[in-house]
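Structure first, then comments.
We did not get these values from a lab; they are worked out from the coordinates using the rules stated. In this text, all values refer to a predicted model and were calculated from it rather than measured experimentally. Methodologically, a virtual Cβ is constructed for each residue, glycine included, from the backbone with ideal geometry; neighbour enumeration extends over all protein chains shown.
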Amino acid sequence: MFPLGDDNSDRRSTPVVNYALIALNVAVFALFQRFGSAEQFTNAYATVPAEILTGTDVAREVLIQNPADGQVLGQIALYPTPIPPFMTLFTAMFMHGDFMHIIGNMLYLWIFGDNLEDRMGKVRYLIFYLLTGILAGLAHVGVTAATSGNPFIPCVGASGAISGVLGGYLLLFPGRRVTVIMLRMLTQVPAVVAIGLWFVFQVISGVGSGGVGGGVAYGAHIGGFIAGLVLVKLFAAGGDQRPRNMYANWP
């Protein structure tokens, strides 16, 4: 299932914060990461679980081994991080591995983020986005430690924060119609179906891979989503509670 858009007929404000977040992600990817080719910059500001767990910067080449048999699969060069390691939980949110990574993330943010900003207000939405992103990063670190994953593999991407947005969207707008491509057909489904199936896939994939599989930090996705579910009502409290369209509060 691939989302293309949602019903914004009741949106009351221009989502300038959401637009700014998208623009910032694109700018970092283009100007600082040089469209994914600037390995030194990316690995220096990425979240490395070992650095978060120890509070110590790691600047050396590390081997990537198969946990099953110890076979060396490759190596990664980690570069000096000019900021405290904990701050990489923030910087990693604005970097991406390649074009498909950033295109997919920004599409989800474009579709689902504006509705939360409209409901919460701009400042609270920004805080919610950053907080769920940081909590998602911590979830990834925790899952890596708990599953004895390789703690030296750097992690980047807005996926954790966007997962928080999806969790919040699901709770606030479960019946909102989302346009998707499903089974090669263009159709509309309630958000509870579109986002619910996405989350089920994250859980199944995460359990099957020990939290990280195929370069995807499923632990961050699941952690960010749960953080969004838990925090969204707090951040939406006192926001724009005027009646929405007939689908907004379904069921």
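At 0.36 nm per residue, and after removing the present C-alpha to C-alpha distance, how many nm does the segment from Arg60 to Val72 gain when stretched out fully?
Separation in residues times 0.36 nm, less the Cα-Cα distance, equals 2.7 nm.
Looking at the calculated P(r) for the chain, what percent of the C-alpha pair distances fall above 25 Å?
43 percent
Compute the FRET efficiency between Thr187 and Ile103 as 1/(1 + (r/R0)^6), taking r as their Cβ-Cβ distance and R0 = 30 Å, and round to the nearest 0.05.
My answer for the efficiency is 0.85.
Among Ser148, Ser159, which comes first, then next, by fewest other beta-carbon atoms within 10 Å?
By the 10 Å Cβ count, ascending: Ser148, Ser159.
Collect residues whose amide H, placed 1.01 Å from N in the peptide plane, falls under 5 Å from the amide H of Val178; neighbours closer than 5 in sequence don't count.
Val189, Ala191
Against the globular-protein guess of 2.2 N^0.38 Å, express the Cα radius of gyration of region 3-71 as a ratio, rounded to two decimals.
Cα-based Rg divided by the globular estimate yields 1.74.
For Arg11 and Phe201 in one chain, what is 0.36 nm times their gap in residues minus the Cα-Cα distance, to one decimal in nm?
Gain on stretching Arg11 to Phe201: 65.5 nm.
Please identify, among Ala23, Ala92, Ala136, the residue showing maximal mean-square fluctuation in a Gaussian network model of the chain using a 10 angstrom Cα cutoff.
Ala23
Can you tell me the Rg and Dmax of region 1-41, counting just the alpha carbons, in angstroms?
15.1, 44
Separation of region 1-53 and region 83-130 by C-alpha centroid, Å?
Centre-to-centre distance over Cα atoms comes out at 6 Å.
Spin-label point model (7 Å from Cα, Cβ direction): what's the Val230 to Phe90 distance in nm?
Here the modelled spin labels are 2.1 nm apart.
For Val48, enumerate residues with amide H under 5 Å from its amide H, sequence gap 5+ or separate chain, H modeled in the peptide plane.
For Val48, the qualifying residues are Cys155.
Mind listing P(r) for region 64-116? All alpha-carbon pairs, 10 Å bins, whole percents.
Computed distribution, short to long bins: 17, 27, 35, 17, 3.
Provide Met106, Met1, Met95 in ascending order of the number of other Cβ atoms located within 10 Å of each residue's Cβ, fewest first.
Neighbour counts put them in this order, fewest first: Met1, Met106, Met95.
Provide the per-residue ³J(HN,Hα) series for region 36-52, in order, calculated from phi with Karplus coefficients 6.51, -1.76, 1.60 and θ = phi - 60°, each as a whole number of Hz, with x at glycine and proline positions.
x, 8, 8, 4, 5, 4, 4, 6, 6, 9, 6, 7, 10, x, 4, 6, 5
How are the Cα pair distances of region 97-141 distributed, in percent, across 10 Å bins from 0?
Going out from 0 Å in 10 Å bins, region 97-141 shows 25, 43, 31, 1 percent.
For helix 99-120, report the angle its Cα long axis makes with the longest principal axis of the Cα atoms of the chain; keep it between 0 and 90° and round to the nearest 10°.
Between the helix axis and the principal axis of the chain, the angle is about 40 degrees.
What is the helix-to-structure angle for 218-236, meaning the angle in degrees between its Cα long axis and the longest Cα principal axis of the chain, kept from 0 to 90 and rounded to the nearest 10?
40 degrees
What ³J(HN,Hα) values, in whole Hz, does the Karplus curve 6.51 cos²θ - 1.76 cosθ + 1.60 give for region 17-29 when θ = phi - 60°, with x put for Gly and Pro?
Going residue by residue, I get 5, 4, 4, 5, 5, 5, 4, 5, 4, 5, 5, 4, 5 Hz, with x marking Gly and Pro.
What trypsin sites (Lys or Arg not before Pro) does region 4-59 have in DSSP loop regions with at most 10 other beta carbons within 10 Å?
Passing sites in region 4-59 are Arg12.
On a 0 to 90 degree scale, rounded to 10, what angle separates helix 191-209 from the longest Cα axis of the chain?
Tilt relative to the chain: about 20 degrees.
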